[in-house]
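Visitor: Let me begin by handing over the structure; questions about it come next.
The values are calculated or read from the model by the stated rules, or taken from the named source; none is laboratory data. Owing to the predicted nature of the structure, the values given are computational and were not obtained by experimental measurement. Cβ placement follows ideal geometry from the backbone for every residue including glycine, while neighbour counts extend to all protein chains displayed. Accessible surface is based on the protein model in full, side chains and every heavy atom, while ligands, DNA and RNA are left aside. Shrake-Rupley method; radii C 1.70, N 1.55, O 1.52, S 1.80 Å.
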Amino acid sequence: MALKKSDLYRSLWASCDQLRGGMDASQYKDYILTLLFVKYVSDKAKANPDSLINVPEGGSFDDMLAAKGDKEIGDRFNKIIARLAEANDLRNVIDQADFNDEEKLGKGKEMQDRLSKLVTIFNDLDFQGSRAEGDDLLGDAYEYLMRHFATESGKSKGQFYTPAEVSQILAKVVGIGSETRQDQTVYDPACGSGSLLLKAADEAPRGMTVYGQEKDNATWALSKMNMILHDNEIAEIRKGNVLSSPQLLDSAGTGLKTFDYVVMNPPFSEKAWTTGLEHEYGRFEYGRPPEKNGDYAFLLHALKSMKSTGKGAIILPHGVLFRGGAEGAIRKA
């Protein structure tokens, strides 16, 4: 039977309670989402031996459960996660959280108890029956947590999360829908946790071919995990600053790769957008954006990343409609 959302959310908050005290709320997600990920892929591998994620011996949630009460529980958790990461080329993706960190999780018995309770909470969740009819329970939970942590940690939500409703509107604006083919491409050059990309691809009944880039290392890792949680294992999410170092280039490596659809919610009015910028890749043919405001740099990157028949939708602050100077010249062009 499919797991109820209410049960999942209850478990997630019980996990948050276990982690309170030693760390900032923004760091809970590193631990909770890692455990959620390991539990989900372990359950999926039991239900479907042909699962795209390989769960090796010594790298499953059951192995974590077996470490309950062990004095070396933190170290054992790290080794189990490392084994799962190694088997799936997910090094530096799912192994970002250190489960043996005494500063965050406490020393000795405190860490032992805290991690034992955490693994017990997750053991009560059964993902084997989920998504049987296209249900996306885990992806919803992931975004639910992202939304909460974005608020709690005082960071701007837009830094790594675009609300589902906004994402759906952008997908509809660019025309992704029932006619969209699986081999058509959607790209987000500043993809954060990947929520916008996933919602856009969801508007196509058969799915789409997904590409993205994200500069923040931890958020890039979250995006990679999010793709797998949403059964988008083959999505190509690159790491790095898309303005100074775009990773998705054409076959010659001299121009930007182009896509059918581009959607983006970039950082607003980025002050240091020129940092590290060497190659323009023909992006500034309509003019160079002002040094201290990157809004049009992202817009021009999106334009250059579209096929001749491509469509794009980008969220920007409304100043882009009326500011003068270099931006006025670009707007006119």
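Visitor: Once the dipole of the chain is set up with Lys and Arg at +1 and Asp and Glu at -1 on Cβ about the Cα centre, which of ALA87, GLY59, ILE169 lies farthest towards its positive end?
Guide: So the residue we want is ILE169.
Visitor: What are the ³J(HN,Hα) couplings of segment 294-300, residue after residue, when phi is run through the Karplus curve with 6.51, -1.76, 1.60 and θ = phi - 60°? Round to Hz, x for glycine and proline.
Guide: Per residue, the Karplus-derived 3J(HN,Hα) values read x, 3, 6, 5, 5, 4, 5 Hz.
Visitor: Next question. If amide H atoms are built 1.01 Å from N in the plane of the peptide, which residues on other chains or at least 5 residues away come under 5 Å of the amide H of GLN213?
Guide: Long-range HN contacts for GLN213: ASP188, ALA190, CYS191, ARG238.
Visitor: Can you list the equivalent-ellipsoid semi-axes of the chain, largest first and in whole Å, using the square root of 5 times each Cα gyration tensor eigenvalue? Intermediate values should be presented prior to the final figure.
Guide: Working: eigenvalues 289, 95, 62 Å².
Equivalent ellipsoid of the chain: 38, 22, 18 Å, largest first.
Visitor: Still on this structure, I have one more. Measure nothing but the geometry: give the 0 to 90° angle between the long axis through the Cα atoms of 108-123 and the longest principal axis through the Cα atoms of the chain, rounded to 10°.
Guide: That helix lies at roughly 70 degrees to the long axis.
Visitor: How far is helix 137-152 tilted off the main Cα axis of the chain, in degrees rounded to 10, range 0 to 90?
Guide: So the inclination is approximately 80 degrees.
Visitor: Could you give me the ³J(HN,Hα) list for segment 84-97, computed from phi with Karplus coefficients 6.51, -1.76, 1.60 and θ = phi - 60°, whole Hz, x at Gly and Pro?
Guide: Karplus values, whole Hz, x for Gly and Pro: 5, 4, 4, 5, 10, 6, 10, 4, 6, 10, 9, 10, 6, 7.
Visitor: Residue farthest toward the positive end of the dipole of the chain, with Cβ of Lys/Arg at +1 and Asp/Glu at -1: which of GLY212, LEU115, LEU105?
Guide: Looking along the dipole axis, the top candidate is GLY212.
Visitor: With every protein chain left in place, what is the accessible area per residue of the chain in square angstrom, probe 1.4 Å?
Guide: Values: 15240 Å² over 333 residues.
Spelled out: the 1.4 Å probe surface of the chain, per residue, equals 46 Å².
Visitor: Indicate the gyration tensor shape class of segment 274-332 (rounded, prolate or oblate), computed on the Cα atoms with a ≥ b ≥ c the square roots of the eigenvalues: a/c under 1.5 is rounded; otherwise a/b larger than b/c is prolate and the rest oblate. The partial results should precede the final answer.
Guide: Values: a/c = 1.65, a/b = 1.12, b/c = 1.47.
Oblate is the answer for segment 274-332, as a/c is 1.5 or above yet b/c matches or exceeds a/b.
Visitor: At 222 nm, what value in deg cm²/dmol follows for the chain if DSSP H runs of at least 4 each add -39500 (n - 2.57) and the sum is divided by all its residues, to the nearest 500?
Guide: Value at 222 nm, helices only, nearest 500: -13500 deg cm²/dmol.
Visitor: Want the number for LYS107 to ASP124: 0.36 nm per residue separation, take away the alpha-carbon distance, what's left? Before the final figure, lay out each step's value.
Guide: On the way: separation 17, 0.36 × 17 = 6.12 nm, distance 2.59 nm.
Gain on extension, LYS107 to ASP124, equals 3.5 nm.
Visitor: Between segment 306-333 and segment 201-225, what is the separation of their alpha carbon centroids in Å?
Guide: Their Cα centres are 24 Å away from one another.
Visitor: So how tilted is helix 5-19 from the main axis of the chain? Cα-based, degrees 0 to 90, rounded to 10.
Guide: Approximately 80 degrees, to the nearest ten.
Visitor: Percent of accessible area on segment 233-297 owned by carbon and sulfur, 1.4 Å probe? Let's see the in-between values first.
Guide: Working: 1500 of 3150 Å².
Heavy-atom surface of segment 233-297 belonging to carbon and sulfur, 1.4 Å probe: 48 percent.
Visitor: With θ taken as phi - 60° and the coefficients 6.51, -1.76 and 1.60, list the Karplus ³J(HN,Hα) couplings across segment 31-48 in order, rounded to whole Hz; mark glycine and proline as x.
Guide: With the stated coefficients, segment 31-48 comes to 7, 5, 6, 5, 4, 4, 4, 4, 5, 4, 5, 5, 5, 5, 5, 5, 6, 9 Hz.
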